[in-house]
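To keep things clear, I will list the structure first and then write my remarks on it.
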Amino acid sequence: MSKVIYKFGDDISTDIIYPGRFMATVLPSETPEFAFADEKDLNKLLNSKTVPADSIIIGGKNFGCGSSREQACSTLKGHELIIIAKNFARIFLQNSINLGLKTVICPDIDADVNDELEISEDKVFNKTKGKEYNIIPHTKTQQEIIQAGGLIPYSRKRLIEGSK
Amino acid sequence: MKQTIVQKILARASGKSFVNIGDIVEPKVDLAMSHENAALVMNQFLEIYKGTGLDPKVWDPNKIAIIFDHRVPAESRKTATNQKKIRNFIAEQGIFKFHDIRGDEMGICHQILPQYGYVRPGYVVVGTDSHTTSHGALGAFSFGIGATEMASVWTLGVMLNVPVPPTIKVVVNGALKKYVQPKDIILYLIGKITAEGANFKVIEFHGETIRNMSTSGRITICNMSVEAGATSGIVPGDEETIKYLREEAGVTEDIPLVNSDDEAEFDKIIEIDASSLVPQIACPHTVDNVKQVGDVEGTKIDQIVIGSCTNGRLDDLETAAQIIKGHKIAKNTRMLVFPASGKIYRQAMEKGIFEILMNAGAVIANPGCGPCLGVHQGALGDGEKALSTTNRNFKGRMGNPDAEVYLCSAAVAAASAITGVITDPTKGGY
Ligand code: SF4
């Protein structure tokens, strides 16, 4: 069971998730501080260290649109968030899979701040509203990457296989 | 079986004769581009090698290009140190398609790749930058990826997990009116199909307007295809592509062309009549919030920006000079010009374009990304408005979430610089 801590509308860009002026900071261990830096309340909440792991942010359509900056995923992964959105922008979605940020594609999702959600393999159940929504699964290769623990171990395995 | 150009490119690169839309393929990469974010790619690349006992060597140093452009010359200790680490890595790995901070060779990555002939029709190009879609202008399948994905490409030489994308065919016919530009075509299209209208799809551009368009204009259009969510934009290579690669990039070897089959399977077909278009403006804070110039005419502008990988080429600077010649930039408006490459900078200097712009009051900055991403130069003050030839107007894009960015062509930017308010360049007899 996880709680919704914030709800966004459509087209949340990587400039909102991780503003360009922090892009010289690249290491995944250093990016979480700047998550949603210009959404002051949310940034403060995340940095307060009071948000439990697997807390949920709800997005609308096209979440993560804009730049390819991977910091936008590592910053959210650092706070161990789950992002549920109607759909995601391509590069953001692939980056999140590569880095192990949990993303759920749920076209009809309806949830508000403080709602409690249960995420199963193919459904999101909103306990507060008593409603259930279907999930669009990630592709087979994406699931393999997730299961391998991200693209780094996945590619490492391929590298070792290839060098034999 | 009939195929789109991207199906053909992906089939060739994955060693197949045919691929279906939706198939997951592993294409070989012909060119892998990074900019300053190579610092993160390097970090992830070394992570992949960790514990393997293997010597970390990139798969093919000839196929990697690294261009410093986002923060040049470095604005901070952190950036300068990252750039230094990248230089060391480049030397160790023997990567020679490297463009450092040098007046003769520098430039924005999406200008350098075509200008130096690193991209060819039919190539699979990936870059750690979302506007890597630009190189579709030369008939390549070219798209943006993240840094970890790039580390995987540096290691394996292939892109894992590429779904063969569906294609939207956009056919543009008719002649553009004077001072209506390729930028207006792509802004119009984005406004029509929205910021997610081409998500996970490719936009293929056809029609006489595109055929008659210079490679520079095609780059503008493919560059901004990503603002409609597209994986890539693509203009099948033609005589213009060959001419550009020969004359501009000095390519001497054979340049084979690839094209779509007429009866290939298209997701949809959109027709645009270019002759009826007027200048377009993307209003704050999304690129698909597109209006006709007349709807926002008179909006007061604090900063005009001409530059970026979208519209910082010689033709853009020429258009601006043509309009501004003999005028002064309005009081209380500042105009920043940042050419897309050192070569363009020199050409603009030699053609007297800088003289015209400087006499009018413009500031000419060094080639690079500059104000486009707002980390380095040209940030906006609280409550200010910018009118810019760049490609994004998201909140905070020009360094300040309490400011607004409007996007337009070089012609609109120049006409508006004179008046200090958003102005239609097709009126006013420039
Ligand atoms: S000019 Fe702007 S859009 Fe183009 S590569 Fe630089 S930051 Fe990105």
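The values are calculated or read from the model by the stated rules, or taken from the named source; none is laboratory data. Keep in mind the model is a prediction, meaning the values are calculated, not measured. Using ideal geometry, Cβ is built from the backbone for each residue, glycine included, and neighbour counts are taken over all protein chains shown.
The conditions are (1) under 18 Å from A:ILE57 (Cα atoms); (2) free of Cβ contacts under 8 Å to residues at least 24 places away in the same chain; (3) surrounded by fewer than 18 Cβ atoms within 10 Å (Cβ to Cβ), and A:ASN126 fails exactly one of them. Which is it?
(3) is the only condition that A:ASN126 fails.
In region A:118-160, how many residues are within 12 Å of another protein chain (Cβ to nearest Cβ), outside any loop (DSSP other than H, G, I, E, B) and not β-branched (Val, Ile, Thr)?
Selection size over region A:118-160: 13.
Could you check, for region A:8-24, whether at least one of its residues is surrounded by fewer than 18 Cβ atoms within 10 Å (Cβ to Cβ), under 23 Å from B:MET398 (Cα atoms) and within 10 Å of chain B (Cβ to nearest Cβ)? Give the derivation first.
Quick first cut of region A:8-24, residues surrounded by fewer than 18 Cβ atoms within 10 Å (Cβ to Cβ) only: A:9-10.
Filter once more, keeping what is under 23 Å from B:MET398 (Cα atoms): A:9-10.
Pick out the ones that are also within 10 Å of chain B (Cβ to nearest Cβ) and you get A:10.
Yes: region A:8-24 contains one or more residues that are surrounded by fewer than 18 Cβ atoms within 10 Å (Cβ to Cβ), under 23 Å from B:MET398 (Cα atoms) and within 10 Å of chain B (Cβ to nearest Cβ).
Looking only at region B:42-73, filter to residues that are aliphatic (A, V, I, L, M) and at the interface with another protein chain (Cβ under 9 Å from one of its Cβ atoms); which one of those is farthest from the ligand (Cβ to nearest atom)?
Here is the first cut: in region B:42-73, the ones aliphatic (A, V, I, L, M) are B:42, B:46, B:48, B:54, B:58, B:64-67, B:72.
Applying the additional criterion that residues be at the interface with another protein chain (Cβ under 9 Å from one of its Cβ atoms) yields B:48, B:54.
On the way: B:ILE48: 26, B:LEU54: 33 Å.
Among those residues, the one meeting the criterion is B:LEU54.
Any residue that is within 12 Å of the chain's Cα centre (by Cα), of a type in the set (S, T, N, Q) and not in a loop (DSSP other than H, G, I, E, B) - is there at least one of those in region A:102-115?
Yes, there is a match, as at least one residue in region A:102-115 is within 12 Å of the chain's Cα centre (by Cα), of a type in the set (S, T, N, Q) and not in a loop (DSSP other than H, G, I, E, B).
Which of the numbered conditions does B:GLY361 fail, given that it passes all the others? Conditions: (1) within 16 Å of the ligand (Cβ to nearest atom); (2) at pLDDT 95 or above.
Of (1) within 16 Å of the ligand (Cβ to nearest atom); (2) at pLDDT 95 or above, only one is false for B:GLY361: (1).
Of the residues B:ILE242, B:ILE255, B:ILE221, only one is in a loop (DSSP other than H, G, I, E, B) and either on the phi < 0 side of the Ramachandran plot or buried (at least 17 other Cβ atoms within 10 Å of the Cβ) (or both); which? First the steps, then the outcome.
On the way: B:ILE242 fails: in a loop (DSSP other than H, G, I, E, B); B:ILE221 fails: in a loop (DSSP other than H, G, I, E, B).
Criteria check complete, one pass: B:ILE255.
Please go through region B:323-337 and give me each residue that is touching a helix residue (DSSP H, G or I) at 6+ places or on another chain (Cβ under 8 Å) and either more than 16 Å from the ligand (Cβ to nearest atom) or without any contact (Cβ under 8 Å) to a residue 40 or more places away in the chain (or both), ordered by number.
Keep residues of region B:323-337 that are touching a helix residue (DSSP H, G or I) at 6+ places or on another chain (Cβ under 8 Å), which gives B:323-325, B:327-330, B:333, B:335-337.
Scanning region B:323-337 gives B:ILE323, B:ILE324, B:LYS325, B:HIS327, B:LYS328, B:ILE329, B:ALA330, B:THR333, B:MET335, B:VAL337.
Being touching a Leu at 6+ places or on another chain (Cβ under 8 Å) and away from every other protein chain (no Cβ under 11 Å) is the filter here, so list the residues in region B:17-32 that pass it.
So the first thing to find is which residues in region B:17-32 are touching a Leu at 6+ places or on another chain (Cβ under 8 Å), and the list is B:19, B:25-27, B:31.
Those that are touching a Leu at 6+ places or on another chain (Cβ under 8 Å) and away from every other protein chain (no Cβ under 11 Å): B:VAL19, B:PRO27, B:LEU31.
Out of curiosity, is B:VAL405 more than 16 Å from the ligand (Cβ to nearest atom) and either acidic (Asp, Glu) or under 16 Å from B:MET335 (Cβ atoms) (or both)?
On the way: more than 16 Å from the ligand (Cβ to nearest atom): no; either acidic (Asp, Glu) or under 16 Å from B:MET335 (Cβ atoms) (or both): yes.
So B:VAL405 does not fit the description; no.
If we keep just the residues of region A:67-80 that are touching a residue at least 40 places away in the same chain (Cβ under 8 Å) and either surrounded by fewer than 24 Cβ atoms within 10 Å (Cβ to Cβ) or not in a loop (DSSP other than H, G, I, E, B) (or both), which is farthest from the other protein chains (Cβ to nearest Cβ)?
If we take residues in region A:67-80 being touching a residue at least 40 places away in the same chain (Cβ under 8 Å) and either surrounded by fewer than 24 Cβ atoms within 10 Å (Cβ to Cβ) or not in a loop (DSSP other than H, G, I, E, B) (or both), then A:HIS79 is farthest from the other protein chains (Cβ to nearest Cβ).
All but one of (1) outside any loop (DSSP other than H, G, I, E, B); (2) closer than 27 Å to B:VAL305 by Cα; (3) β-branched (Val, Ile, Thr) hold for B:THR286, so report the exception by its number.
(1)
Pairs only if they're at least six apart or on different chains, beta carbon under 6 angstrom, first in region B:369-381 and more than 9 Å from chain A (Cβ to nearest Cβ) and part of a helix (DSSP H, G or I), second more than 9 Å from the ligand (Cβ to nearest atom) and of a type in the set (S, T, N, Q); list them, first residue then second.
So the pair list comes out as B:GLY370/B:GLN377; B:PRO371/B:GLN377.
List every residue pair whose Cβ atoms sit under 6 Å apart, with the two residues 6 or more apart in sequence or on different chains, where the first one lies in region B:198-218 and is more than 14 Å from chain A (Cβ to nearest Cβ) and the second, anywhere, is of a type in the set (D, E, K, R).
Correct list of pairs: B:GLU204/B:LYS169; B:SER216/B:ARG313; B:SER216/B:ASP315.
Looking for something of a type outside the set (Phe, Trp, Tyr), surrounded by 21 or more Cβ atoms within 10 Å (Cβ to Cβ) and touching a Leu at 6+ places or on another chain (Cβ under 7 Å) - is there at least one such residue anywhere in region B:309-316? Break it down stepwise before answering.
First, the residues of region B:309-316 that are of a type outside the set (Phe, Trp, Tyr): B:309-316.
Those left that are additionally surrounded by 21 or more Cβ atoms within 10 Å (Cβ to Cβ): B:309-313, B:316.
Now restrict to residues that are touching a Leu at 6+ places or on another chain (Cβ under 7 Å): none.
Checked against the condition, which is being of a type outside the set (Phe, Trp, Tyr), surrounded by 21 or more Cβ atoms within 10 Å (Cβ to Cβ) and touching a Leu at 6+ places or on another chain (Cβ under 7 Å), region B:309-316 yields no hits at all.
Please state which one of B:ALA137, B:ALA151, B:ALA175 is farther than 11 Å from B:VAL235 by Cα, surrounded by 23 or more Cβ atoms within 10 Å (Cβ to Cβ) and either of a type in the set (Phe, Trp, Tyr) or outside the structural domain of B:ASP315 (by TED's automatic domain parsing) (or both).
Working: B:ALA137 fails: farther than 11 Å from B:VAL235 by Cα; B:ALA175 fails: surrounded by 23 or more Cβ atoms within 10 Å (Cβ to Cβ).
Being farther than 11 Å from B:VAL235 by Cα, surrounded by 23 or more Cβ atoms within 10 Å (Cβ to Cβ) and either of a type in the set (Phe, Trp, Tyr) or outside the structural domain of B:ASP315 (by TED's automatic domain parsing) (or both) holds for just one of B:ALA137, B:ALA151, B:ALA175, which is B:ALA151.
Residues to consider are B:ILE90, B:ILE108, B:ILE168; find the one that is under 14 Å from B:CYS309 (Cβ atoms) and either surrounded by fewer than 19 Cβ atoms within 10 Å (Cβ to Cβ) or more than 10 Å from every other protein chain (Cβ to nearest Cβ) (or both). Even if it seems obvious, please write down each step before you answer.
Values: B:ILE90 fails: under 14 Å from B:CYS309 (Cβ atoms); B:ILE168 fails: under 14 Å from B:CYS309 (Cβ atoms).
Answer to the selection: B:ILE108.
Residue check, B:TRP154 against (1) away from chain A (no Cβ under 14 Å); (2) in contact with a strand residue (DSSP E or B) (Cβ under 8 Å, 6 or more places away or on another chain); (3) of a type in the set (Phe, Trp, Tyr), all met but one. Which one?
The failed condition is (1).
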